[in-house]
Every structure is written in C-alpha cells, then in structure tokens.
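See structure below.
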Amino acid sequence: MKRIIFLDIDGVLNTSYSRQKHKIIDEFRIAYLSEIVKLTKAKIILTSTWRYNLNHTFLGFKATNNSTKALLYFLKKYKIKIYDTLPDTPNDQRALDIANYVKNNKITNFLILDDEVFDYSSYNLSSHLLQTYFNGGSEEESGLTKQMIKKACEIIKKEQ
C-alpha cells in the first residue's frame, strides 16, 4: 500500500504573506509537511508548476532556478524527498493527471494538498483534497497550517 501526497507549492508552502516578506518558501510550513510525512510515511508527488523547474537525475531531482533550489534545500533539511512529479500535459489537467497517476500506480491512500480546486469532483477525488488558501484571513490561516496536520493524516489513511 503506497501513501502519497500530491503536493502543490504556491498557496501550500508559501502564501501572500510569504511574498510580502520576500520569502520564497515558509520554512515552518515545510515543518508541518514533514510532520505529515513522518506520521503517514507518505511519498511526495509534485503537482505544482514548480515541477517544470526540476530535472530528474540518477540521484533525484536537480533545480534549474533559485526558487526551486530553495525549495529543495528546505525539503532536504526536513528529510523530505520528491518521489515523482506529475507528467507535463497540455492545459494543466491536474485532476485528470492525478486520477491517472492513482489508477496507473494502484494507489489507495493519498492526499491532495492544493489551494486551487481543479475538476477534482469529476474524477472522484474531492474527498482526498485538503484545500489551503493563498490569501487566508491571516498568516496562520493561509497555506498549510498546523491545524491541518491531523486532517491530512486522516485523509491519507483512508482508502479510496
């Protein structure tokens, strides 16, 4: 049984508050993600457009720009690895791409962390979505929050 987190970056690991502070990534949100990964032993599949700034190498992923280098630095610091990325498909069909990934890889336990709601309901994925907010009412209510850790673990542990 594979446990997977389909991870978006903008609106999950950074927010409008991060940008105001000229931060690329909020390290404390990486710490929250790390806690989810430790509690569930889930693997990360990057769904974000940030995946276009990664090259797959024999040893993992290599960043092609400074923002993505910062992301990889913080993920490594918290012992989080990107296991895979969604394929590059036209028209950013994220929901369909996730549905196909789940089907093709026989995944039964997964979480979608995203601030945007793609066509998840059409693919029976809504119950796996934990929606975050790029512009929450406050910094503590934006992006991945400490309060979301328990819910994230519950979603991953239930089977499709």
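The values are calculated or read from the model by the stated rules, or taken from the named source; none is laboratory data. Because the structure is a prediction, the values reported are computed rather than measured. Note: ideal-geometry Cβ built from the backbone for every residue, glycine included; neighbour counts use all protein chains shown. Accessible surface areas use protein heavy atoms only, side chains included; no ligands, DNA or RNA. Shrake-Rupley method; radii C 1.70, N 1.55, O 1.52, S 1.80 Å.
A few notes on this one:
- Screening T15 with (1) surrounded by 17 or more Cβ atoms within 10 Å (Cβ to Cβ); (2) out of contact with any Ser or Thr (no Cβ under 7 Å at 6 or more places or on another chain) gives one miss only, at (2).
- Taken over region 16-48, the criterion of being in a helix (DSSP H, G or I), farther than 19 Å from S142 by Cβ and either in contact with a helix residue (DSSP H, G or I) (Cβ under 9 Å, 6 or more places away or on another chain) or modelled with pLDDT under 90 (or both) is satisfied by L39, T40.
- Those residues of region 113-160 which are modelled with pLDDT of 95 or more, hydroxyl-bearing (S, T, Y) and touching a Leu at 6+ places or on another chain (Cβ under 7 Å), in sequence order: T132
- Annotation: I5 fulfils all but one of (1) surrounded by fewer than 21 Cβ atoms within 10 Å (Cβ to Cβ); (2) of a type in the set (A, V, I, L, M, F, W, C); (3) touching a strand residue (DSSP E or B) at 6+ places or on another chain (Cβ under 7 Å); the unmet one is (1).
- Strands (runs of 3 or more DSSP E) (entirely within region 58-142) containing at least 2 residues that are surrounded by 12 or more Cβ atoms within 10 Å (Cβ to Cβ) and among the aliphatic types (A, V, I, L, M): 109-114, 129-131
- T47 being polar (S, T, N, Q) and open to solvent by 40 Å² or more (accessible area, probe 1.4 Å): no
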